[in-house]
Amino acid sequence: MRIKKNIFDIFANDPNFQTIMQYLLQTAFTHSFNSILITETGPGYPIIYANPSFCLMTGYDEEEIIGQSPSILQGPDTDGEVLERLKKNLENGELFHGQSINYRKDGSKFMMEWKIVPIKNQNDEISHFLAIQHELSPAS
């Protein structure tokens, strides 16, 4: 049996490839244990999608977070150096991986680890960013 190296290899010959990929992404994002955000590339990186885990982690409803900048989660104890590295990586179209303190809707702090991946369109231009996040357990 041949091992599949790429998820697209699994469904590449299926005539319903596009539909399968849409349902696969929808299911994975909706049921992920991790928080998932998708943003546009414009000023402030407006949020266009937030999964249920993001809403549970932050206390924001999807309706109130859509259109907002992810910076809504930042506050006085958010690490400025991490944010500068984030900005540089996004501007350069590079993957970002970091940790910092963020804030929930109720103002409570939490330590978050996240990765942001640029998503390119058919012209090889960055059209969106995908952020995968999770809350780190406090050190005991």
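Bear in mind that the values in this text are calculations on the coordinates, not laboratory data. Keep in mind that this is a model prediction, so the values were computed, not measured. Note that each Cβ is placed from the backbone with ideal geometry, even for glycine, and that neighbours are counted across all protein chains shown.
Points worth noting:
- If the chain linking LEU56 and LEU95 were pulled fully straight, counting 0.36 nm for each residue of separation and taking away their Cα-Cα distance, it would gain 11.5 nm.
- Taking a ≥ b ≥ c as the square roots of the eigenvalues of the alpha-carbon gyration tensor, region 1-51 is classed prolate because a/c is 1.5 or more and a/b outweighs b/c.
- Note on the chain: Lys pairs 8 or more places apart or on different chains, Cα atoms under 19 Å apart, count 4.
- Label sites at MET21 and SER71, each approximated as a point 7 angstrom past Cα along Cα to Cβ, lie 3.3 nm apart.
- Helix 17-31 and the long axis of the chain differ in direction by around 30°, with both axes built from C-alpha atoms.
- Degrees separating the helix 80-91 axis from the principal Cα axis of the chain, which is the longest one: 30 degrees
- Estimated 222 nm signal from helices in the chain, with DSSP H stretches of n ≥ 4 weighted -39500 (n - 2.57), rounded to 500: -8500 deg cm²/dmol
- The simple spin-label model puts a point 7 Å past each Cα toward its Cβ; for LYS115 and SER32 those points are separated by 1.0 nm.
- Annotation: peptides 26-33, 109-116, 49-56, 72-79, ranked by per-residue average of other Cβ atoms within 10 Å with the highest first, follow the order 49-56, 109-116, 72-79, 26-33.
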